[in-house]
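Working notes for the structure below.
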Amino acid sequence: MVTAALTVPVVAASSSVAAPAGVAAFERTHENGTHAAASRFALPRPTGPFAVGRDVLHLVDRDRPDPWVPANPRELMVSVYYPARPNTGGPARYLTVAEARLFIEDRSLAGVTTPEEFSATRASARTGAHPIRGRYPLVVLSPGFSVYRHTLTHLAEDLASRGYVVAAVDHTYESAGTELPGGRVVTCLACTAVDGQGRDGFARVASGRATDVTFVLNKLTGPRRAWRHADLIDRTRIGMAGHSIGGNAAASTMAADPRVLAGVNMDGTFFAPVPEDGLGGRPFLMLGHPGHVPGGPDDTWDRDWLRLDGCKHWLTVTGTAHIDFSDLSVLADQAGLPDDASPLSGERTAEIMRTYVGAFLDRHLRGIHRPVLDGPTPGNPEVVFHQP
């Protein structure tokens, strides 16, 4: 069994303190009062000065049929992370046992971990935590295809600890398993729907996610706000980042919604192209594994780099693979799953991911200059800057 078993399906054109590996088993109590199983797994701790709170929202767009089940309205699960007062609230569960079970089945990981252990992965956010009052930029996160919002938890928590509100969105029927209220569990109908459709099928996914995100923004910042702490959000400073197809969705959302001022694509193919006339001069970061170099196998990066018309960065991280721009690289290391394709450790990849995504958002949503974006640095030799 190798790390590839955990990998988000690669949608490519050609087709601070970190928790150490082998974390000791632990027990905890979830927000619903149930006792969690022992687990080897723990995410890197946030690096910012704030503790992190988390709320989970169930949003229903009754004006829009679900793109995969048109008889139903579109439902979305959203985890909202925010700066919080320390030692308030209780531990937030990483994901539900049902979601963990379906992921393990989907990736053939039986014998590597159990649903109870994987569900009990230790993270830092706390449910019911008291917010630190203020106005914070909002960042929306969109995960890879066939996985859930939880795979971007370490990034979400780190950004919240540094003074952001973060909304991680589960795009229903696009993951191996998402649990909805009442114990309803939905699976990846989209995986079957787009099978055999090539780029057009994945372009449909990215465009649909853009519509999802516009709805989420309306519910978080509009006149009838769905989140109890929505007054924490500065509606004039909104960004978006995504992994894999979620990165394509970041660009698609910016093309459709002018409220999103900055975007990040983490190792995703631009199946839905950036418009030929650009993104209205707004900044964009492309951050990928070494296959995403100029002239590489994913020709959409070369094409859309030319269309990006604002401040833009093209970076690759030596020693990484597609999985690494998510929590799964960290967890795979802790499970003892080797992967020769990505020799850089999950801990180090997470550190780089947080550093550069955070620096980009700091610069363009908070006006804070971060020198790491200016060019190569001795402290980050794995990061390669490209100027096609």
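Output the residues belonging to segment 86-101 that are in contact with a helix residue (DSSP H, G or I) (Cβ under 9 Å, 6 or more places away or on another chain) and either over 20 Å from Ala168 (Cα atoms) or of a type in the set (Gly, Ala, Ser) (or both). Answer for segment 86-101, where residues must be in contact with a helix residue (DSSP H, G or I) (Cβ under 9 Å, 6 or more places away or on another chain) and either over 20 Å from Ala168 (Cα atoms) or of a type in the set (Gly, Ala, Ser) (or both): Ala98, Ala100, Arg101. Is it the case that some residue within segment 118-139 is part of a helix (DSSP H, G or I) and of a type outside the set (A, V, I, L, M)? Looking through segment 118-139, at least one residue is part of a helix (DSSP H, G or I) and of a type outside the set (A, V, I, L, M).
Condition check for Val23 on (1) more than 20 Å from Arg149 (Cα to Cα); (2) at pLDDT 95 or above: one failure, at (2). Out of everything in segment 162-213 that is part of a strand (DSSP E or B), within 19 Å of the chain's Cα centre (by Cα) and charged (D, E, K, R), what residue ends up being surrounded by the fewest Cβ atoms within 10 Å (Cβ to Cβ)? For segment 162-213, the residue satisfying everything is Glu179. Looking across Arg228, Arg235, Arg224, Arg303, one residue alone is at pLDDT below 95, surrounded by fewer than 18 Cβ atoms within 10 Å (Cβ to Cβ) and among the charged types (D, E, K, R). It is Arg224.
Residues of segment 318-352 that are within 23 Å of Val274 (Cα to Cα) and either outside any helix (DSSP H, G or I) or touching a strand residue (DSSP E or B) at 6+ places or on another chain (Cβ under 7 Å) (or both): Phe325 alone. The conditions are (1) at pLDDT 95 or above; (2) crowded, with 20+ Cβ neighbours inside 10 Å, and Gly48 fails exactly one of them. Which is it? Of (1) at pLDDT 95 or above; (2) crowded, with 20+ Cβ neighbours inside 10 Å, only one is false for Gly48: (2). Looking for whichever is assigned to a strand (DSSP E or B), of a type outside the set (Ser, Thr, Tyr) and over 23 Å from Phe118 (Cβ atoms) here; the options are Ala226, Ala241. Which one fits? Result: Ala241 is the single residue among Ala226, Ala241 that is assigned to a strand (DSSP E or B), of a type outside the set (Ser, Thr, Tyr) and over 23 Å from Phe118 (Cβ atoms). The set of residues in segment 225-261 being farther than 19 Å from Ala359 by Cα and of a type in the set (D, E, K, R) consists of Arg225, Arg228, Asp231, Arg235, Asp257, Arg259.
Condition check ((1) modelled with pLDDT under 95; (2) hydroxyl-bearing (Ser, Thr, Tyr); (3) closer than 19 Å to Leu155 by Cα; (4) surrounded by fewer than 16 Cβ atoms within 10 Å (Cβ to Cβ)) across all residues:
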position: Val317; (1), (2), (3), (4): no, no, yes, no
position: Ile323; (1), (2), (3), (4): yes, no, yes, no
position: Leu331; (1), (2), (3), (4): no, no, yes, no
position: Leu337; (1), (2), (3), (4): yes, no, no, no
position: Phe360; (1), (2), (3), (4): no, no, yes, no
position: Arg363; (1), (2), (3), (4): no, no, yes, no
position: Val372; (1), (2), (3), (4): no, no, yes, no
position: Pro378; (1), (2), (3), (4): no, no, no, yes
position: Val384; (1), (2), (3), (4): no, no, no, yes
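Among the residues of segment 29-45, those that are at pLDDT below 95 and not in a loop (DSSP other than H, G, I, E, B) comprise Thr29, His35, Ser39.
Within segment 245-270, being crowded, with 24+ Cβ neighbours inside 10 Å and in a loop (DSSP other than H, G, I, E, B) holds for Asp267, Gly268, Thr269, Phe270. If you scan segment 278-289, which residues turn out to be more than 20 Å from the chain's Cα centre (by Cα) and buried (at least 16 other Cβ atoms within 10 Å of the Cβ)? Hits for segment 278-289 are Gly278, Leu279, Arg282.
Checked against (1) surrounded by 15 or more Cβ atoms within 10 Å (Cβ to Cβ); (2) not in a strand (DSSP E or B), Pro83 passes all but a single condition, namely (2).
The values are calculated or read from the model by the stated rules, or taken from the named source; none is laboratory data. As the structure is a prediction and not an experimental result, all values here were calculated from the model. In this analysis, Cβ positions are derived from the backbone assuming ideal geometry, glycine residues included, and neighbour counts consider all displayed protein chains.
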